[in-house]
Amino acid sequence: GTTIIIRDLFFNVPARQKFMKKDVTEANAISSIIQKIALSHPEISFKMIRDNKFEFNSSGDESLFSSIYAVYGKALANDMLKVDYSDNGIRVHGYTVKPLYAKHNRSFQNFFVNGRYIKSLTCSLALEEAYKTLIMVGKFPACVLKLDIPPSIVDVNVHPAKIEVRFSDEKLIFNTIFFAVKNALMSSGLIYDFQLPEKNEPSAASVSTQQQQNFVQNSVNVSKNNPIQAYTYYDNNPDKPK
């Protein structure tokens, strides 16, 4: 195995030291990176000790659920739904949270493209669109979703740290994530009774150009041929009209 011990980082690099934040802030940033690596590689066991205190230990048993359990704890892991969906040569798999347990910010949204952690407005918008009407305003769904896509349709050179990426077909990525999450919610009985929209009705996956800005050039429209277009929320109330 490999052991990495970090002490007095940049203590003798004055130019960098001037920009160092508080110890707890820098430690949180390091912890976040290790967490993302542990989630992206469940086949490797990671143990993190911070200030002589045990923080987390992933099992390395190749189970993504085990890694989520180790990184985020029992409570969040047990509130996740399994996702596994493929379309047009793209596979989306992992876990997404039950609507009732949405978070107050997007820090629990984790997207990985071909094993690498990325930040993508398109992915976040697709995820949140799938939860539309299911969670309270001001809350955000959590997820650990992995995208297996052909390398030719993703540009990883947009950001110096290669965290932000650009897809050659943003609509395709949006739709695939949207339906992957919707299928997971429907399979778990949280939504049901889907129907095709009328001709003039907006698509369930429509997102304005202004929202997507540099990521999507046109509004995203879901094909009418896809069997899942709109959903009704299921709340166990037999008297509620359908």
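The values are calculated or read from the model by the stated rules, or taken from the named source; none is laboratory data. Since the structure is predicted, the reported quantities are computational estimates derived from the model, not experimental observations. Ideal geometry is used to build each Cβ from the backbone, glycine not excepted, and the neighbour counts take in all protein chains shown. With ligands, DNA and RNA removed, areas are computed over all heavy atoms of the protein, side chains included. Shrake-Rupley method; radii C 1.70, N 1.55, O 1.52, S 1.80 Å.
The ratio of the alpha-carbon radius of gyration of region 32-78 to the globular-protein estimate 2.2 N^0.38 Å is 1.04.
Annotation for region 51-139: trypsin sites (Lys or Arg not before Pro) lying in DSSP loop with at most 11 further Cβ atoms inside 10 Å of their Cβ are Lys132. For region 1-79, which chymotrypsin sites (Phe, Trp or Tyr not before Pro) pass both filters: DSSP loop (anything but H, G, I, E, B) and at most 16 other C-beta atoms within 10 Å? Answer by residue number: Phe10, Phe11, Phe19.
Extending 7 Å from Cα along the Cβ direction at Lys82 and again at Lys119 yields two label points whose distance is 3.2 nm.
Solvent exposure of Val137, expressed as accessible area, is near 150 Å², computed with a probe of 1.4 Å over the protein chains only.
Pairs of lysines in region 38-170 whose Cα atoms sit within less than 15 Å of one another amount to 9, provided the residues are eight or more positions apart or on different chains.
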